[in-house]
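The values are calculated or read from the model by the stated rules, or taken from the named source; none is laboratory data. These numbers come from a predicted model, not from an experiment. All Cβ positions, even for glycine, are placed from backbone atoms using ideal geometry, and neighbour counts span all protein chains on display. The protein model used for the area step is the full one, side chains on, heavy atoms only, and it has no ligands, DNA or RNA in it. Shrake-Rupley method; radii C 1.70, N 1.55, O 1.52, S 1.80 Å.
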Amino acid sequence: MNKKDHIWPDFHDQSNKTPFEVPENYFDHLEDRIEARIASETESISPKRKLMRMMKPVLAMAASFALVFLLVYYPLSVFLPNYLARNIEVPAEQTDTLSADEIIISYISTSGQSDYDILLYDEEELEEIVIDSEEMFTYLDLAMNETEIFAELQN
Amino acid sequence: MKSDQQILAEFKNESTKQAAFRQLVTKYKERLYWHVRKIVLNHDDTDDILQNTFIKVWRNMDGFREESGLFTWLFRIATNESLTFLNQKKKKSFIGNDETSNYLIENLQTDPYFDGDDIQRKLQEAIARLPEKQRLVFNMRYYDDLKYQDMEQILGTSVGALKASYHHAVKKIEEYLKSDQ
């Protein structure tokens, strides 16, 4: 008994042949067409194409990294430069190679002091080291040449 | 017609390799064609998939370890090629899993090589609406009369699960045919 008889009586008089057709003589030359495709694919893969095929995943990965960098870092650096400056810490060993200006800028940006504070600080420093003219003359009077220093030491 | 063992032995010999492959294509082309055709329904798509299947067989036959039968190995490649083709179609057309059946039914309706009556068209539509696994199992069992043991090797699913899939498929098709009357 056919399986189909158990399932649907509607299909009792029909065989389980699929209701599809194929174009005339489709199967006659299938072997030739497949062999021709294999031959053409074997010829067409040059060493250069093989290399490109191997490199494709690596290049795709590099391109995706570059894209992520552009999509994340570039907008941040344009729109939030301060945010980036605050979050990028300079390792200690790198400070050896920084110029004096860079160290000052780095100090200013991380110390939390305003420019006003720094200016004020400089003025106080200047006040401390100001020498009046009387002191200067006294100092100059006390200044001795090499002979006087030698005589002083001998005494 | 040569046996699978003879074909495999001749394929290993460089001087008879080409002829052995030709024998293999001649032996299995029709069975594989109908297997693929029932999955994708359209002739042109089937032709592409069938050629790709045999090209894959040509490339990988040296690595075939004969743990499974040649026939089940060929069916597995053809099934995978068919499912990969449908998945690529889905991605290209931005269609979801639920809409795959619509795509298949459209294929069925526009196929100039469909030669069935209304009842057969309804049955094909009902099959197209099944989930992928159930559709495969139903076609293999109902049309190709494959044993569950062979299907187990082709689909990598246990016999119990295959029987359950077939049972569910039959129930769903019955429901669809009743509701459509």
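General observations
- If you go through region B:113-145 and pick out every residue that is in contact (Cβ under 8 Å) with a residue 12 or more places away in the chain and part of a loop (DSSP other than H, G, I, E, B), you end up with 5.
- Tabulated pairs, region A:23-37, first under 12 Å from B:Thr26 (Cα atoms) and at the interface with chain B (Cβ under 8 Å from one of its Cβ atoms), second part of a helix (DSSP H, G or I) and of a type in the set (Val, Ile, Thr), C-beta under 8 angstrom, 6+ apart or interchain: A:Leu30/B:Val25; A:Glu31/B:Val25; A:Glu31/B:Thr26; A:Ile34/B:Val25; A:Ile34/B:Ile55
Yes/no per residue for (1) open to solvent by less than 60 Å² (accessible area, probe 1.4 Å); (2) farther than 17 Å from B:Asp111 by Cβ; (3) away from every other protein chain (no Cβ under 14 Å); (4) outside any helix (DSSP H, G or I):
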{"residue": "B:Arg31", "(1), (2), (3), (4)": "no, yes, no, no"}
{"residue": "B:Val36", "(1), (2), (3), (4)": "yes, no, no, no"}
{"residue": "B:Ile39", "(1), (2), (3), (4)": "yes, no, no, no"}
{"residue": "B:Thr46", "(1), (2), (3), (4)": "yes, no, no, no"}
{"residue": "B:Ile49", "(1), (2), (3), (4)": "yes, no, no, no"}
{"residue": "B:Asn52", "(1), (2), (3), (4)": "yes, yes, no, no"}
{"residue": "B:Glu67", "(1), (2), (3), (4)": "no, yes, yes, yes"}
{"residue": "B:Thr72", "(1), (2), (3), (4)": "yes, yes, yes, no"}
{"residue": "B:Thr79", "(1), (2), (3), (4)": "yes, yes, yes, no"}
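- If the condition is being surrounded by 16 or more Cβ atoms within 10 Å (Cβ to Cβ) and away from every other protein chain (no Cβ under 14 Å), then region B:153-177 contributes B:Gln153, B:Ile154, B:Leu155, B:Thr157, B:Leu162, B:Ser165.
- Checked against the criterion of being modelled with pLDDT under 90, surrounded by fewer than 19 Cβ atoms within 10 Å (Cβ to Cβ) and closer than 24 Å to B:Ala78 by Cα, the candidates B:Asp118, B:Asp145, B:Asp180, B:Asp150 yield just one match: B:Asp145.
- Verdict on B:Asn60 being under 20 Å from the mean Cα position of the chain (by Cα) and within 14 Å of another protein chain (Cβ to nearest Cβ): yes
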